[in-house]
Amino acid sequence: MPRADVVVIGAGLSGLSCAAELAERGARVFLAAKGMATTHWTHGGLDLAAPAGASTVRDGVHTLAAIDGHPYRSLAADLEAAAVAHRARMAAEGLRYAGSLDAPLIPLPTSIGSLRPAAILPAAQAAALEPWAGTRLLLVGFGRYRDAWAPYAARNLRHAAWPEGPAEVGAVEVELPGLGRLHNIAPQVLARLFDGPAWRTRAFSAITDVLPAGAWRIGMPAVLGLDQHADVHAEAERRLGHPVFEMVSLPPSVPGIRLFDALRRRILAAGGRVQIGFDVVRVERTGNRIIAIHTEAASRTLRIAGDAFVLATGGIGGAGIRAQHDGTLVERVFGLPVSAPPRERWFSDDPLHLHPLETAGIEVGDDLAPFELENVRVIGSGLPGMHYLDERCGDGVALASARRAVRSVAGDRAVAA
Ligand SMILES: Cc1cc2nc3c(=O)[nH]c(=O)nc-3n(C[C@H](O)[C@H](O)[C@H](O)COP(=O)(O)OP(=O)(O)OC[C@H]3O[C@@H](n4cnc5c(N)ncnc54)[C@H](O)[C@@H]3O)c2cc1C
């Protein structure tokens, strides 16, 4: 029966970061998660803060920290150090970021031809952060890869309100070698193909053949390798002779998978355990302390005992909180009370904008302990009060709360702070 100093529940950015830092500090860590997390949905960049009107991330954090009930009210103080530590951890795994808290938030072209604000991106997306005025953008799409359709995205970008955008947006489609019999290709399949030096040489030749003359900045589906990603991206720029940046399309997100893999490697290298497919189905509690969780493992239930427990199961989006037919919300692991808008305000008029239930979460103190359980900490998007899709602060809250939790559980357990 496993026993850990700290049991982390959830494998999103918050749970993985928290488990990595705890393991690096010498704690025995067991991370259990029901399944893959938001990492596999999103862009692999760092959304720390980009509310409307913010010119930089720091400016955005300042705005959000002034909002009553927002997690940054307390956590803004931890954000910068948490982002530095995260970037160092990722760089050690060969995944670097470009940008900073003080760099301007600029409109980033997406693979559906919309724009979203960004300032800190993986190195392979960084060419999109350079000024666009007077330049030319070429979107390269791949035949049979339906999740990123270059002509459609280019048309939308030509009509987008893109201040200081490129002078021209073009699009080409390429038939990649050896894929003629496939109808639907998943992004991770293409990424694995790009990892192979022989196949990618042929692929880059096919792309070179269709490039129009002149100077371009090339946006390409985010499939430039998984394990060999840095080499694949460098080779793309060398072989094509233009700056190349990855554009994330429909899930699963290859940059997100790289992020997940890198953090999991860090936890394992530091002696921690990571188990995916472990839904927590029951907990043992004595008074106001949790003693153990029980998870659905292969063919049996596994009991994992611990001194401290970190709840990183996400909010409504991550399935850490569920809405019930009777109009109540439940936190699924410990049954903690959920703070949320009243039921009549659950539904938004615009399905793509500001879902009111985004703000649902578990109320905690500054140490991130919920008021009922002294050896539990809540981190990530299970915290209440943020509109992460609009404020673009979900990753920042994940990292800052993970860091705060590491320091906070040191009080429950002998984890070097
Ligand atoms: C579809 C989607 C898109 C988003 N896009 C953005 C964005 O563009 N920008 C932004 O700033 N934020 C975005 N967010 C918010 C996002 O959640 C955060 O940015 C950030 O990734 C924090 O995630 P997390 O670690 O809190 O939880 P999550 O990434 O949600 O991970 C939750 C983890 O908990 C596990 N889990 C849940 N219940 C159980 C259980 N009972 N037992 C065991 N494990 C369990 C899940 O399997 C998963 O591994 C998005 C969220 C969603 C859902």
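The values are calculated or read from the model by the stated rules, or taken from the named source; none is laboratory data. All values derive from a computational prediction rather than experimental measurement. Note: ideal-geometry Cβ built from the backbone for every residue, glycine included; neighbour counts use all protein chains shown. Remember, those area values only see protein heavy atoms, side chains included, never the ligands or the DNA or RNA. Shrake-Rupley method; radii C 1.70, N 1.55, O 1.52, S 1.80 Å.
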Answer from V406, V397, V378 - the residue that is near the ligand (Cβ under 8 Å from one of its atoms), within 23 Å of the chain's Cα centre (by Cα), at pLDDT 95 or above and open to solvent by less than 20 Å² (accessible area, probe 1.4 Å): V397
All positions within the range 21-47 that are among the aromatic types (F, W, Y) and near the ligand (Cβ under 9 Å from one of its atoms): W41
Evaluation of G60 against (1) near the ligand (Cβ under 8 Å from one of its atoms); (2) at pLDDT 95 or above; (3) touching a Leu at 6+ places or on another chain (Cβ under 8 Å) (one fails), failing number: (1)
Flag for A83 being under 18 Å from R265 (Cβ atoms), crowded, with 21+ Cβ neighbours inside 10 Å and within 16 Å of the ligand (Cβ to nearest atom): no
Residue identified as assigned by TED's automatic domain parsing to the domain that holds R403, under 18 Å from V6 (Cβ atoms), open to solvent by 10 Å² or more (accessible area, probe 1.4 Å) and of a type outside the set (A, V, I, L, M) among G69, G35, G26: G26
Hey, P117 under 17 Å from the mean Cα position of the chain (by Cα) and not in a helix (DSSP H, G or I) or not: yes
Counted residues, the range 323-363 - those being at pLDDT below 90 and not in a loop (DSSP other than H, G, I, E, B): 7
Set I321, I304, I291, I276: member being over 14 Å from K34 (Cα atoms), hydrophobic (A, V, I, L, M, F, W, C) and within 13 Å of the ligand (Cβ to nearest atom): I304
Condition met for G411 (open to solvent by 20 Å² or more (accessible area, probe 1.4 Å), more than 13 Å from the ligand (Cβ to nearest atom), out of contact with any Lys or Arg (no Cβ under 6 Å at 6 or more places or on another chain) and modelled with pLDDT under 85): yes
Hits in the range 63-82 - residues which are touching a Leu at 6+ places or on another chain (Cβ under 6 Å) and among the small types (G, A, S): A82
P117 being within 14 Å of the ligand (Cβ to nearest atom), open to solvent by 30 Å² or more (accessible area, probe 1.4 Å), within 30 Å of G165 (Cβ to Cβ) and not hydroxyl-bearing (S, T, Y): yes
For R87: the one exception among (1) closer than 14 Å to D395 by Cα; (2) out of contact with any Gly (no Cβ under 8 Å at 6 or more places or on another chain); (3) not in a helix (DSSP H, G or I): (3)
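For every residue, the table says whether it meets (1) acidic (D, E); (2) surrounded by fewer than 22 Cβ atoms within 10 Å (Cβ to Cβ); (3) assigned to a loop (DSSP other than H, G, I, E, B).
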residue	(1), (2), (3)
A4	no, no, no
A49	no, no, yes
A91	no, yes, no
D102	yes, yes, yes
Sole exception among (1) open to solvent by less than 20 Å² (accessible area, probe 1.4 Å); (2) not in a loop (DSSP other than H, G, I, E, B) for A11, by number: (2)
A312 vs. criteria open to solvent by less than 50 Å² (accessible area, probe 1.4 Å) and farther than 22 Å from L16 by Cα: no
Failed condition for S381, given (1) closer than 29 Å to T56 by Cβ; (2) in contact with a helix residue (DSSP H, G or I) (Cβ under 7 Å, 6 or more places away or on another chain); (3) outside any helix (DSSP H, G or I); (4) not basic (K, R): (3)
